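So the structure is just underneath, and the comments pick up after that.
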Amino acid sequence: MSALPPAEAHALEEGLAFTPRYDAQGLIVCITIEAATKAVLMVAYMNELALSKTIETGIAHYWSRSRQSLWRKGDTSGQVQKVVSLEVDCDQDALLLTVEPGGDGKACHTGRKSCFYRRLDPVSGRLVLAD
């Protein structure tokens, strides 16, 4: 994304107009956390349609980059994510979605609660299972 003139940047960063900034592919990153625990569940992308469906329905919708299609979280897994809040970062190019996960609460396609189930061991430089 190109830099904005100072007046536009100030309006974007300090104003109350919701003006999400999509990347060159028409996507915006979305970090999704669980309302009860604040644990990060997943990172996904939304396009304009996914964001508008999320706002309209109160259920998380994302854009699948691999399938090039809209998907409503939980349609096949039962892990429907009910939106509690949606926040935008300072320059409006990233979203933070707080949700109440449905089903058994496993957000990851691997069957885990979170997509962040590994961490880097700083000594060995290898991945280990997170606590």
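Please treat every number below as a calculation from the coordinates, not as lab data. The shown structure was predicted, so the numbers you read here are calculated from the model rather than taken from an experiment. As a convention, Cβ positions derive from the backbone with ideal geometry for all residues, glycine included, and neighbour counts pool all protein chains shown.
Return the aspartates and glutamates within reach of Lys106: Cα separation strictly under 12 angstrom, same-chain partners fewer than 8 residues apart disregarded; answer none if there are no such residues.
Hits, sequence-local ones excluded: Glu34.
Can you put Trp71, Trp63 in order, fewest other beta carbons within 10 Å first?
With the fewest neighbours first, Trp71, Trp63 line up as Trp71, Trp63.
Enter the angle in degrees (range 0 to 90, nearest 10) between the Cα long axis of helix 48-57 and the first principal axis of the Cα atoms of the chain, meaning the one along which they spread out most.
Roughly 70 degrees, rounded to the nearest 10.
At 222 nm, what value in deg cm²/dmol follows for the chain if DSSP H runs of at least 4 each add -39500 (n - 2.57) and the sum is divided by all its residues, to the nearest 500?
It lands at -4000 deg cm²/dmol.
Determine by what factor the alpha-carbon radius of gyration of segment 38-78 differs from 2.2 N^0.38 Å, reporting the quotient.
Computed over Cα atoms of segment 38-78, the ratio equals 1.14.
Running a GNM on the chain with Cα contacts under 10 Å, which residue among Gln25, Gln79, Gln92 ends up with the highest mean-square fluctuation?
Fluctuation is largest for Gln25.
Where is the GNM fluctuation largest for the chain (alpha-carbon springs, 10 angstrom cutoff): Arg112, Arg67, Arg21?
Comparing Arg112, Arg67, Arg21 in a Gaussian network model of the chain, the most mobile one is Arg67.
Defining a contact as two alpha carbons under 8 Å apart and six or more residues distant in sequence, what relative contact order in percent does the chain show?
The value is 22 percent.
Hey, which lysines would be in cross-link range of Lys113, C-alpha to C-alpha under 16 Å, not counting anything within fewer than 8 residues on its own chain?
Within the straight-line limit of under 16 Å, Lys113 reaches these lysines: Lys38, Lys73, Lys82.
Mean shadow of the chain, computed from the convex hull of its alpha carbons, in nm²?
Average of the hull's projected areas for the chain equals 10.0 nm².
Kindly put Phe116, Phe18 in sequence by how many other C-beta atoms sit within 10 Å of each C-beta, fewest to most.
In increasing order of surrounding Cβ atoms, one gets Phe18, Phe116.
Sort out for me the Cα centre separation of segment 1-38 from segment 47-100, rounded to whole Å.
Their Cα centres are 15 Å away from one another.
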